[in-house]
1. Which condition breaks for LEU326 when tested against (1) hydrophobic (A, V, I, L, M, F, W, C); (2) open to solvent by 20 Å² or more (accessible area, probe 1.4 Å); (3) closer than 24 Å to ASP96 by Cα?
2. Report whether or not GLU293 is open to solvent by 10 Å² or more (accessible area, probe 1.4 Å) and modelled with pLDDT under 95.
3. For segment 356-376, check the following and say yes or no: at least one residue is outside any helix (DSSP H, G or I) and either closer than 20 Å to LEU249 by Cβ or open to solvent by less than 40 Å² (accessible area, probe 1.4 Å) (or both).
4. Only one of ARG357, ARG341 is of a type in the set (D, E, K, R) and more than 24 Å from PHE68 (Cα to Cα); which?
5. All but one of (1) in a helix (DSSP H, G or I); (2) closer than 27 Å to SER381 by Cβ hold for GLY133, so report the exception by its number.
6. Here is a check on your reading of the model: is SER282 open to solvent by 10 Å² or more (accessible area, probe 1.4 Å), touching a Ser or Thr at 6+ places or on another chain (Cβ under 8 Å), of a type outside the set (D, E, K, R) and under 26 Å from LEU207 (Cα atoms)?
7. Hey, could you check segment 1-27 for residues that are polar (S, T, N, Q) and more than 22 Å from PHE95 (Cα to Cα) and say which is surrounded by the fewest Cβ atoms within 10 Å (Cβ to Cβ)?
8. When the residues of segment 138-168 are narrowed to those that are surrounded by 22 or more Cβ atoms within 10 Å (Cβ to Cβ) and of a type in the set (D, E, K, R), which ends up farthest from TRP116 (Cα to Cα)?
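The values are calculated or read from the model by the stated rules, or taken from the named source; none is laboratory data. Computed from a predicted structure; not experimentally measured. Cβ: placed from backbone, ideal geometry, glycine included. Neighbour counts: every protein chain shown. Protein only, heavy atoms only, side chains kept; ligands, DNA and RNA dropped before computing areas. Shrake-Rupley method; radii C 1.70, N 1.55, O 1.52, S 1.80 Å.
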Amino acid sequence: MEAIETVIAQQPDFAMAHAMRAHLYLSGTEAAGLAPARDSIGLARRHARTEREKLHVAAAEALADGRFDDAGERFDDILLDHPRDLLALQMGHLFDFYRGLSRNLRDRVLRVLPAWDARRPGWHAVQGMLAFGLEESGDYAHAEAAGREACALEPRDAWAHHAVAHVMEMQGRVEDGIRWSRDRIPHWAEDNMMAVHNWWHLALFHLDRDEHDEVLALYDRHIRGGQSTVVLDMIDASAMLWRLYLRGLDVGMKRWGELAEAWSGLVQDGIYSFNDAHALISFIGAGRRDLIEQQMTTLRRAAADKRGDNAAMAAQIGLPLSQALLSFQGGHYADTVQRLRPLRYIASRFGGSHAQRDLFDLTLIEAAKRDGDLGLVQALSAERLFLKPASPIAQRYRMLAEAGRAAA
């Protein structure tokens, strides 16, 4: 952002600088970014001359209005004639991720790949995006190869680093994941917007080894050490504390209270229900009934607002998921199971990655365990153990279910 502001000060009629400023504000999915984004959209529109510039303006306008699908198409329109427009590619890729479009995370990059090769500046970024798209599509071998190539070309490509971490997370390669993350800390942990998320990935690997003290140390030092109010960082914090809560760990009201307070200023945003559900998690953990009620009101309002794509996200996933989380917190485990089971195979409409949405599968299996539904526990643990045969928690769920059913 600082670089863009400098460029605009030097050349105020540079349409693409204004467009990029708008895109940067919109990429955070925060309501506070809408006003400055709209200011930049107005200036970009005033100075736009080429068709490509005008399409960038149209894409930014669609994002500001919550029309994510329209924006995705406009970025596609740009890339059809300008396949080396990295801004259009990255913004399109990011909002494919926000919409949970696994196939397009891969295919958007594949469509432009013939225009690229390793001699061109930016090739590492293309490979990093391709790596994440391939991982979310289940092509783990090619994803890891592309991610490693990107990191070899540009070690500070934290998106590519995180794509490789995703591969290792999905395959249950815990030792590889810890080694990959820790060996590369100098490249991704300083002055990088992906730092918190990559610390979160490292914490996930330690969580899979039941190293709860190490997870909390990473949380306190790095995930919440700076007490960031950036939504993407707070999502990771909520998700990690909830995972620990599902395991029966008391992480302390201090941690929950600090995080809930950080989320509290966004409780009425309602522009992206993936954010809202993670805010709700913090309010549940902190016991903030006032904020819980406000967040649920926001989700209901978003579900009823037909002006943008978030309405469907909130109505189909965000609202029923949030009601399931409240049922779990209230000890109504059968109701939690009943609400979560229909969401499992449409949860991608909600956005996020497979690793992020796994939080809700974990909630389902724990609710089933507490409800005594051992058949469901056994079935869900079988799924997990196929990809993660060494996972201690998945093994515990399986053994509990088998022992319970044998005794019955």
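1. Condition (3) is where LEU326 drops out.
2. Numbers: open to solvent by 10 Å² or more (accessible area, probe 1.4 Å): yes; modelled with pLDDT under 95: no.
Taking the combined requirement at face value, the residue does not satisfy it.
3. Step one: list which residues in segment 356-376 are outside any helix (DSSP H, G or I), which gives 372-373.
From what's left, either closer than 20 Å to LEU249 by Cβ or open to solvent by less than 40 Å² (accessible area, probe 1.4 Å) (or both): none.
No; the residues of segment 356-376 include none that is outside any helix (DSSP H, G or I) and either closer than 20 Å to LEU249 by Cβ or open to solvent by less than 40 Å² (accessible area, probe 1.4 Å) (or both).
4. Numbers: ARG357 fails: more than 24 Å from PHE68 (Cα to Cα).
After ruling out the rest, the residue left standing is ARG341.
5. (2)
6. On the way: open to solvent by 10 Å² or more (accessible area, probe 1.4 Å): no; touching a Ser or Thr at 6+ places or on another chain (Cβ under 8 Å): yes; of a type outside the set (D, E, K, R): yes; under 26 Å from LEU207 (Cα atoms): yes.
The answer is no for SER282.
7. Of segment 1-27, the ones polar (S, T, N, Q) are 6, 10-11, 27.
Now drop any that are not more than 22 Å from PHE95 (Cα to Cα), which leaves 6, 10-11.
Details: THR6: 11, GLN10: 9, GLN11: 11.
Restricting to residues being polar (S, T, N, Q) and more than 22 Å from PHE95 (Cα to Cα), the top hit is GLN10.
8. GLU144
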